[in-house]
Amino acid sequence: MTEQPTALARWERHTQGPLLVLAVLFAVAYALPIVRPDAPDPVLTACHVVNWAVWGLFALDYVVRLWLSPSRTRFIRGNPLALLAVVLPLIQPLRLLRLVSLLLLVGQRARMATQVKVTTYVAGSCAGLLVFGALAVLEVERGRPGASIHTLGDAIWWAFTTMTTVGYGDMAPTTGAGRALAIGLMLSGIALLGVVTANIAAWFISRFEKDDAEERRQTEAIEALTREVRSLRDQVAALSDGAASIPGPSGPAPAEAMPTLHDGAG
């Protein structure tokens, strides 16, 4: 009998797709005012409302999952980053805090999806951190005195060199928020690149182990076949020796055993 999924598992399965769509909507609403700061005021206001609405829906998802969890205390202890992501924007309503909180919530829900492979998740995380890191640093650095990051291209280049820990030094943040972003990108880049390296190494190891297992199976099959051939050869030799030891049929009687015929003449 198959085990029925719990209410929490059913909720997570049915909300996985819609929440990821909302995350994409949040990304567009977050990026548009930064890329186009001269957009009409209604557009900027709509993006602001969408940002808060998406965060609110993710926060509602956390509350529902907490309510459906069999052990709420264990759920809170097992998801500390999700709780931080829900509470963080309420402390100080900054766009950057909403960005960090939503990235944490999306990352947690993506890990719950069994259909998401590790490599896909890591690649998506790298791309997301690169883009959002560039947008965030552009938002806090553009127009500041002495800043070297003024365009989206500059921000993407800086985010890429920072995540890969190359750090050419041609661009660097000057504000406190920008430097905090740089620290987060460097640590995240090191962690994600380590995961990618470990995943590739694990794939090669699994391939080698698979080849070794196949080679061992072939060797065992050859050895079993060799033993079978030897057994059959021994049986044939035993039958041949037994046939040689059996006496053959009697030949013609010897001459002295034949009766002597005497002539009737005296």
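Laboratory data are not the source of any read-out in this text; all were calculated from the coordinates shown. Note that the structure is a prediction, hence the values are computed from the model and not measured. Note: ideal-geometry Cβ built from the backbone for every residue, glycine included; neighbour counts use all protein chains shown.
Using Cβ counts within 10 Å as a stand-in for footprinting exposure, how do 34, 149 rank, fewest first? Mind showing how you got there, number by number?
Numbers: 34 17, 149 24.
Fewest-to-most Cβ neighbours within 10 Å comes out as 34, 149.
Which FRET efficiency, nearest 0.05, do residue 220 and residue 195 yield, Cβ-Cβ r, R0 35 Å?
About 0.45, to the nearest 0.05.
Spin-label point model (7 Å from Cα, Cβ direction): what's the residue 209 to residue 74 distance in nm?
Placing both labels 7 Å beyond Cα along the Cβ direction yields 2.8 nm.
I need the chymotrypsin sites (Phe, Trp or Tyr not before Pro) found in the stretch 128-186, filtered to DSSP loop residues with at most 14 other beta carbons within 10 Å of theirs.
Working: sites: 132, 157, 158, 160, 168; in loops: 168.
Answer by residue number: 168.
What length, rounded to one decimal in nm, is gained on full extension from residue 233 through to residue 180, with 0.36 nm per residue of separation minus their alpha-carbon distance?
The residue 233-residue 180 span can extend by a further 11.2 nm.
Tell me, Kirkwood radius of the stretch 117-226 from alpha-carbon pair distances, in Å?
16.4 Å
Along Cα→Cβ, 7 Å out, is where each label goes; now give me the distance between the ones at residue 49 and residue 151 in nm to one decimal.
3.4 nm
In nanometres, what is the gap between the two model label sites at residue 66 and residue 87, each 7 Å from Cα along Cα-to-Cβ?
With each label placed 7 Å out from Cα toward Cβ, I get 0.9 nm.
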